[in-house]
Each structure stands twice: as C-alpha cells, then as structure tokens.
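*Asks:* Sharing a structure, written as structure tokens. Questions coming.
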Amino acid sequence: MLNLLLFGPPGSGKGTQSELLAEHYGLEHISTGDLLREEVAKGTELSQDIEALISVGKLVPDHLILDLLFKHINQMDGKKGLILDGFPRTYHQAEELVKEFNARQWPIPLLVALDVEEEELLERLLERGKVSGRSDDHEETIRGRFKVYHEQSEPVIQFFKESHSPMIEIDGVGAIDEVTANLIRGIDQFIKESNN
Ligand code: B4P
C-alpha cells in the first residue's frame, strides 16, 4: 500500500500534482483544502467559522481538520493507497497522522515536499486568483499564508526528521509535466529502496 503526503507552501502545486500522481499510482486523492471548501458550501454555522479563517489565510483548528479528514477516510473502501494534499499542516497534525496510521497498521506515508521560491508562488496564486474566485487568492492574504506556512507548517519537516519518517524533497519549479516527472522519479526511487 503506497501512501503519499504532498507538502509545500501555498501555490507550490500540491493540488495540481496530487491529481496527476493519484492517476499515475491509482491512489485515492484527498485535499483538506477541498474538504473545507465543501464544508463552507454547505452553509452551516461551522461553515462561517471555517470561511472566516480561510479568507484571512489562517489554518483551521487541528481538531476540526482531524475530525473531518478521518471521517472522510473511514467512508472510503480502504483498498487503494492515499495521497493527502495539504495535510499535515502543523506539527500536531503530523503526530496525530502517524498515531492514526500506526493504529490502522498502515505504512507511514512518504512526505513529498515541493520546493518553490516565494516570488514564483506569489505570481502563481495571483494568476489563479483571477479565475478561482477563492477568497484567499489576493496579495495580502497570500503573504499571510506564507507567514503561516513558515511558522506553523514548516515544523512538519522537523517532525518527520525527528521521528525518522520517510521524506523526499522535489524541485517544484518548471512546467507542470516536468515537475510530475521529477516527482515520479523520486517516489519510484523510494519504492525501490523500500523493497530492498
Ligand atoms: P489548499 O487548498 O491546500 O491551497 P493551496 O496551498 O493554496 O494550494 P496548492 O499548493 O494546492 O496549489 P495549486 O496546486 O492549486 O489550502 C487552502 C486553505 O485551506 C489554507 O490556507 C487553510 O486555511 C485551509 N487548510 C487546508 N488544509 C488544512 C489543514 N490541514 N489544516 C488547517 N487548515 C487547512 O497551485 C496553485 C496555482 O499554481 C494553480 O493555479 C496552478 O495551476 C499553478 N501551478 C501549479 N503548478 C505550476 C507550475 N509548475 N508552473 C506554473 N504554475 C503552476
């Protein structure tokens, strides 16, 4: 069972590449950003709280995303491996993910970190903002999301190092298909080494 976590700053291509990798490896793709946007679209009381956080570039509370994600995973058939896109985004989420996977006797997922410079990220997200209609794709919020990424999400890498969990870093700059090819090369290498 192959499980992957696509990790990286906002706009690094997590969503874009996860879809392509899910198809290539036959994995179930779950984007926590999409799960939250679906929740917002339901228009419940919780939706308003979530939208208020997303629109200013803040993360939603850990307990909320953990609950939403594992409820979603429980509804799946469980045969395919998973590709999680945008999760974990905090040290605590990473700890809980490993606990949960251990409890299910699933292999600890490979963290695939996409590396892209901030100026390129800003350009991509401003471009997406012209068509996405997303409340968080404008300059002030994007800069806030970068800050949140450095302060709250980068420690995920620390967690993976400390717990000796599998991790690779991939250059996320270039045409979309070039980045996909880099990712497949890195992931295939990991699979080969794990089988030896
Ligand atoms: P996400 O939906 O995960 O959004 P993201 O980080 O902005 O996008 P991503 O990196 O997937 O970029 P994409 O491929 O689309 O999160 C949104 C919000 O939800 C968060 O800020 C947070 O509030 C909340 N949230 C989500 N998960 C959470 C969690 N676990 N805990 C707490 N809160 C959570 O690429 C961006 C653009 O670049 C696209 O337009 C794409 O076409 C373009 N692009 C991609 N690759 C390219 C390339 N190689 N070259 C040029 N352009 C490229």
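*Asks:* How much accessible surface does Arg128 have with a 1.4 Å probe, in Å² rounded to 10?
*Replies:* Counting only protein heavy atoms, Arg128 exposes about 80 Å² to solvent.
*Asks:* Which percent of the accessible area of the chain is formed by carbon and sulfur heavy atoms (probe 1.4 angstrom)? Please report the intermediate quantities before stating the final value.
*Replies:* Numbers: 5100 of 10400 Å².
Looking at the chain in its full context, I get 49 percent from C and S.
*Asks:* Something else: Enter the accessible area of His72 (Å², nearest 10), with the probe set to 1.4 Å and all protein chains included.
*Replies:* Its heavy atoms expose roughly 60 Å² to the probe.
*Asks:* Another one. Taking the solvent-accessible surface of protein heavy atoms with a 1.4 Å probe, what is the per residue accessible area of the chain in Å²?
*Replies:* With all protein chains present, the chain gives 53 Å² per residue.
*Asks:* Now for a different question. Specify the residue with the greatest mean-square fluctuation among Asp34, Asp77, Asp177, computed from a Gaussian network of the chain linking alpha-carbon atoms under 10 Å apart.
*Replies:* Greatest mean-square fluctuation among the candidates belongs to Asp77.
*Asks:* On to the next question. Have a look at Glu23, Glu45, Glu178 and tell me which one the Gaussian network model of the chain (Cα, springs below 10 Å) gives the largest fluctuation.
*Replies:* Result for the chain, Cα springs under 10 Å: Glu45 fluctuates most.
*Asks:* Using helices alone, I'd like the mean residue ellipticity at 222 nm for the chain: each DSSP H run of four-plus residues gives -39500 (n - 2.57), total over residue count, nearest 500.
*Replies:* After summing the helix terms and dividing by the residues of the chain, the value is -17500 deg cm²/dmol.
*Asks:* So between Ile168 and Asn195, what do we pick up on full extension, going 0.36 nm a residue minus the alpha carbon distance?
*Replies:* In short, 8.1 nm is gained.
*Asks:* So for the pair His92, Ile108, with labels modelled 7 Å out along Cα→Cβ, what separation do we get in nm?
*Replies:* Here the modelled spin labels are 2.1 nm apart.
*Asks:* What distance in nm separates the two pseudo spin-label positions at Asp67 and Gln48, each 7 Å out from Cα along the beta-carbon direction?
*Replies:* Each label point is offset 7 Å from its Cα along the Cβ direction, giving 1.8 nm.
*Asks:* Just by accessible area at a 1.4 angstrom probe, what is the order of Lys79, Lys14, Lys71 from largest to smallest?
*Replies:* Reading off the accessible areas and sorting them downward yields Lys79, Lys71, Lys14.
*Asks:* P(r) for the chain, please, calculated from all Cα pair distances in 10 Å bins and given in %.
*Replies:* Calculated P(r), rounded to whole percents: 8, 36, 39, 15, 1, 0.
*Asks:* Right, something else. Where is the GNM fluctuation largest for the chain (alpha-carbon springs, 10 angstrom cutoff): Ser55, Ser12, Ser163?
*Replies:* Ranking Ser55, Ser12, Ser163 by mean-square fluctuation puts Ser163 first.
The values are calculated or read from the model by the stated rules, or taken from the named source; none is laboratory data. Just so it is clear, the structure is predicted and the values come from calculations on it, not from any experiment. With ideal geometry, Cβ positions are generated from the backbone for all residues, glycine too; neighbour counts draw on all protein chains shown. Surface accessibility is based on the protein's heavy atoms, side chains included, excluding ligands, DNA and RNA. Shrake-Rupley method; radii C 1.70, N 1.55, O 1.52, S 1.80 Å.
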